Amino acid sequence: MARERGLSAVALTDHDTTAGLAEAARAAEEVGIEFVTGVEVETKHRRGTLHVLGYGIDPASAVLQRALAGLVERRHERNRKIVDRLAGLGVAIDYDKIVAATPGGVVGRPHLASALVRCGAVADASQAFARYLAEGAAAWVQRETLSADEAIDVIRGAGGVASLAHPSKLRYESSLELETLLRRLRDAGLTAIEVYHPDHRDGQTRAYVEMALRLDLAMTGGSDFHHARGEPIGKIGFARVRVSYDLLAPLLDGRRNTRAT
């Protein structure tokens, strides 16, 4: 798909796992696309969603793998609570079967949404989230995870650089609030901000570019593509936004101040 869209480079940033990186690297080499290792970590935040992307990581890092193992276990704990709540609502899905059918065993809410579609509880994934899985919905459960500072430390400890993912999802009340957060995270080791994202409006993208320049942060872009094997293709990503290849080198240059452990 990346080759068909004419991409020069691509990163794989799965949530809480590096299990797909080796396969993705081989596929990228076969089609002549530069590959960047990555990961995405959900973190604690008082309002909205704060995810930290790690680029150029060493997948073999002991620091990284210990942290991810803990996050995966917390995912399972949360998912089982969601399944229990669904059962209380009269909707039964087999969580063990979902885990067994998921490559790498890292199950997220999209996998639960697919199961709800398959059992006929909802018509599609959007309805699954709206009715059961989104924050505030009937089966919603908050997940315990790392702080943003801890996630940045883990990524840097794995020799990578950290980027704030899709800032529009933070639910900040003013640009000053966002910039204050960015300054604090930059001081904690944040290297970049995801400027280009399918959910960003043009005005937001311009504001994020200006902030990145003002705060000396590198800029990243992502499709936020989500797809479970065997399921219909869902969120493809960019419809009209292109990310310049020129942004890659300044991003990865940030690794000079990190050391994989």
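Is it fair to say VAL99 is under 21 Å from the mean Cα position of the chain (by Cα), under 30 Å from GLY254 (Cβ atoms), surrounded by fewer than 19 Cβ atoms within 10 Å (Cβ to Cβ) and not small (Gly, Ala, Ser)? Explain how you work it out, then say what you get.
Numbers: under 21 Å from the mean Cα position of the chain (by Cα): yes; under 30 Å from GLY254 (Cβ atoms): no; surrounded by fewer than 19 Cβ atoms within 10 Å (Cβ to Cβ): yes; not small (Gly, Ala, Ser): yes.
No.
State the number of residues belonging to the stretch 180-228 that are within 14 Å of the chain's Cα centre (by Cα) and of a type in the set (Val, Ile, Thr).
Residues meeting the conditions: 2.
It is to be established whether one or more residues within the stretch 60-67 are more than 20 Å from GLU135 (Cα to Cα), of a type outside the set (Lys, Arg), loosely packed, with under 13 Cβ neighbours inside 10 Å and at pLDDT 95 or above.
Step one: of the stretch 60-67, the residues more than 20 Å from GLU135 (Cα to Cα) are 60-67.
Checking which are of a type outside the set (Lys, Arg) leaves us with 60-65, 67.
Cutting the leftovers down to loosely packed, with under 13 Cβ neighbours inside 10 Å gives us 60, 62.
Right, trim to at pLDDT 95 or above and you get 60, 62.
Within the stretch 60-67 (the criterion being more than 20 Å from GLU135 (Cα to Cα), of a type outside the set (Lys, Arg), loosely packed, with under 13 Cβ neighbours inside 10 Å and at pLDDT 95 or above), the answer is yes, since at least one residue qualifies.
Looking at the stretch 1-42, which of the residues that are surrounded by 20 or more Cβ atoms within 10 Å (Cβ to Cβ) and among the hydroxyl-bearing types (Ser, Thr, Tyr) is nearest to HIS226 (Cα to Cα)?
THR13
Kindly list, by first and then second residue, each pair from a residue in the stretch 152-179 that is in the same structural domain as VAL39 (by TED's automatic domain parsing) to a residue that is at pLDDT 95 or above and among the acidic types (Asp, Glu), limited to pairs with Cβ atoms under 6 Å and residues at least 6 apart or on different chains.
Correct list of pairs: ALA158/ASP58; GLY159/ASP58; SER163/GLU194; ALA165/GLU194; HIS166/GLU194.
Which of the numbered conditions does GLU210 fail, given that it passes all the others? Conditions: (1) among the charged types (D, E, K, R); (2) without any contact (Cβ under 8 Å) to a residue 60 or more places away in the chain; (3) not in a helix (DSSP H, G or I).
All conditions are met except number (3).
Can you confirm whether GLY120 is on the phi > 0 side of the Ramachandran plot, not aliphatic (A, V, I, L, M) and not in a helix (DSSP H, G or I)?
yes
The values are calculated or read from the model by the stated rules, or taken from the named source; none is laboratory data. In this text the structure is predicted, and so the values were computed from the model without any measurement. Every residue, glycine among them, receives a Cβ derived from its backbone with ideal geometry; neighbour counts consider all protein chains shown.
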